[in-house]
Amino acid sequence: MKGMTIIVKIISGWVKVLIFLFGIYIILFGHLTPGGGFAGGVILASCYVLLMLAFGREFVEENLPLPLASKLDCVGALAFAVIAILGLVLGGSFFINFLYQKYLPGEALNLISAGTIPLSNLAIGLKVATSLFLVILVLSMFRPDMSGDKKE
Amino acid sequence: MPYALCFLLFVIGLYCAVVKKNMVKIVIGIMVMEYAVNLFLIMLGYRFGGKAPIVVEEDIVGAGGQLSSLFINSSVDPLPQALVLTAIVISLGSLALMISICIRTYERYGTFDITEIRRLKG
Amino acid sequence: MAIFYILLLFIITAAIIAVETKNLLSAVICVGAIGFGASLMFLFLRAPDIAITQIVVEVLGLIILIRVCISRELTFISGPREFFAVVVSVVIIFAIFLAGIKVLETLPAFGTPIFAEVPDAASQTYVEEGLRKTGAANLVASVILDFRAYDTLGEATVLFTAIIGATVILRKKTKKLLEEPDV
């Protein structure tokens, strides 16, 4: 079974761009408007899940193979920890907002403001998106083994 | 009174998790309890006629990001919202963990019934 | 105010149906109804961040839950457990409910948050100085990633552990799951 009908494939092919763009917008503007890394990450993951449901698992695995997703997951967690440790090195305490206090104060209500908060949002978004994508990929990988077991 | 209704929701989830013997039903009971706790925490911070804790342009008076007293006196509590935001995403991860345990058990024993599983174990 | 009662009654009705129905697929769909009702409720409680997150998490959670119910033979549930155990559980749960109602009476009334009355509350500081100290207009983001960033670090750890746990539990038949494909 390779995905759904042609109607679903074409529609999801158009919609996937909008969903991905919306997820990136939610992550980038998380410090100004409602949203943030958690919500945006889940939206990015749901974009990939839509593709998986419409086109089948193999199509998604060609675009974002499982080892790459696993590495991106680790990169997201590592980036968040590195931001925290940079606060320790440059600002004097763990998780301090060193960019806002020392180097780049920015102006309130602009995109470039709030120091490390947008960077942390990016790291959290990457981590949440890839880990939720990994869970659903692993859950869907398990299906053929189940049906094979039942027939025996 | 809304607190009591919220607690009733929690008790329904507790009943489902304790009494039912289907594994998926137990997972559903735990999810209902999570919803009840999240709702209760958000309700604790609500105030009548409150505003969302998002600063817009007219709330800033004076230099250096001084906020107007109108915003300070009408904003809802941002702390429970921050806690619940993490709790919701964690609940999705724990849901995936519980569901994978259910799938594994079904593959091993061919049933979701926990009393049957206990009997098969001997 | 009435909207909260309507939504809460809707959520409780959906929860009762989800608990008591015999068909697992209907139960899962009722869980979706609970989640979307809760999302609307968060919106009316002035928490737009939570509403967005809840509504997308609900979609993914429904996909995971339907994935366990679909293509299984035993989606219908047989009768309840032994009568005595059920009666004892129901009595204990009812006692917990009565005790909880007594406790809830000591809280301040709905709509008057605690942090506005207590001097030097932490939330009061977050609201007053969140913009000045962190520069983020979204006060929830300033709490989650600056004032209480340790929570977020712990959340990332818990999520990582849950994902690794699910992968390990489901690994038996697909041993090459996290290895390189050419190994």
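The values are calculated or read from the model by the stated rules, or taken from the named source; none is laboratory data. Just so we're clear, the structure is a prediction, and the values are computed from it rather than from any experiment. Cβ atoms come from the backbone with ideal geometry, glycine included; neighbour counts cover every protein chain shown.
Determine whether A:LYS102 is modelled with pLDDT under 85, over 26 Å from C:ASP49 (Cβ atoms), more than 11 Å from chain C (Cβ to nearest Cβ) and part of a helix (DSSP H, G or I). Spelling it out, A:LYS102 is indeed modelled with pLDDT under 85, over 26 Å from C:ASP49 (Cβ atoms), more than 11 Å from chain C (Cβ to nearest Cβ) and part of a helix (DSSP H, G or I). Quick one: would you say A:ALA45 is at the interface with another protein chain (Cβ under 9 Å from one of its Cβ atoms) and surrounded by fewer than 16 Cβ atoms within 10 Å (Cβ to Cβ)? For A:ALA45, the condition - at the interface with another protein chain (Cβ under 9 Å from one of its Cβ atoms) and surrounded by fewer than 16 Cβ atoms within 10 Å (Cβ to Cβ) - is not met.
Is it the case that C:ALA38 is touching a residue at least 12 places away in the same chain (Cβ under 8 Å), buried (at least 22 other Cβ atoms within 10 Å of the Cβ) and more than 9 Å from every other protein chain (Cβ to nearest Cβ)? So C:ALA38 does not fit the description; no. Within the stretch C:9-34, if we keep just the residues that are more than 7 Å from chain B (Cβ to nearest Cβ) and under 30 Å from B:PRO53 (Cβ atoms), the residue that is surrounded by the most Cβ atoms within 10 Å (Cβ to Cβ) turns out to be C:ALA14. B:ILE30 meets all of the listed conditions (1) touching a Cys at 6+ places or on another chain (Cβ under 9 Å); (2) at pLDDT below 90 but one, namely (2).
Only one of A:GLU62, A:GLU58 is surrounded by fewer than 16 Cβ atoms within 10 Å (Cβ to Cβ), within 23 Å of B:ALA96 (Cα to Cα) and more than 10 Å from chain C (Cβ to nearest Cβ). Can you tell me which? None of the other options fit; the residue is A:GLU58. It is to be established whether one or more residues within the stretch C:71-84 are part of a helix (DSSP H, G or I) and of a type in the set (A, V, I, L, M). Checking the stretch C:71-84: not a single residue is part of a helix (DSSP H, G or I) and of a type in the set (A, V, I, L, M). Here A:LEU68 meets each of (1) within 30 Å of C:GLY165 (Cα to Cα); (2) within 9 Å of chain C (Cβ to nearest Cβ) with one exception, condition (2).
Here's the yes/no breakdown for (1) touching a strand residue (DSSP E or B) at 6+ places or on another chain (Cβ under 6 Å); (2) aliphatic (A, V, I, L, M); (3) facing chain C (nearest Cβ under 7 Å):
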{"position": "B:CYS16", "(1), (2), (3)": "no, no, yes"}
{"position": "B:GLU34", "(1), (2), (3)": "no, no, no"}
{"position": "B:ILE42", "(1), (2), (3)": "no, yes, yes"}
{"position": "B:SER75", "(1), (2), (3)": "yes, no, yes"}
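What number of residues in the stretch C:2-21 are touching a residue at least 40 places away in the same chain (Cβ under 8 Å) and out of contact with any Phe, Trp or Tyr (no Cβ under 6 Å at 6 or more places or on another chain)?
Kept after step one, since they are touching a residue at least 40 places away in the same chain (Cβ under 8 Å), are these residues of the stretch C:2-21: C:3-4.
Narrowing the set further to residues that are out of contact with any Phe, Trp or Tyr (no Cβ under 6 Å at 6 or more places or on another chain) leaves C:4.
Residues that pass the stated criteria total 1.
To keep it simple, each residue is scored yes or no on (1) of a type outside the set (Phe, Trp, Tyr); (2) crowded, with 23+ Cβ neighbours inside 10 Å; (3) in a loop (DSSP other than H, G, I, E, B).
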site: A:VAL8; (1), (2), (3): yes, no, no
site: A:ILE11; (1), (2), (3): yes, no, no
site: A:TRP14; (1), (2), (3): no, no, no
site: A:ILE19; (1), (2), (3): yes, no, no
site: A:GLY23; (1), (2), (3): yes, yes, no
site: A:LEU32; (1), (2), (3): yes, no, yes
site: A:PHE38; (1), (2), (3): no, yes, no
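Okay, residues lined up against (1) assigned to a helix (DSSP H, G or I); (2) more than 8 Å from chain B (Cβ to nearest Cβ):
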| residue | (1), (2) |
| --- | --- |
| C:PRO119 | no, yes |
| C:GLU128 | yes, no |
| C:TYR150 | yes, yes |
| C:VAL168 | yes, yes |
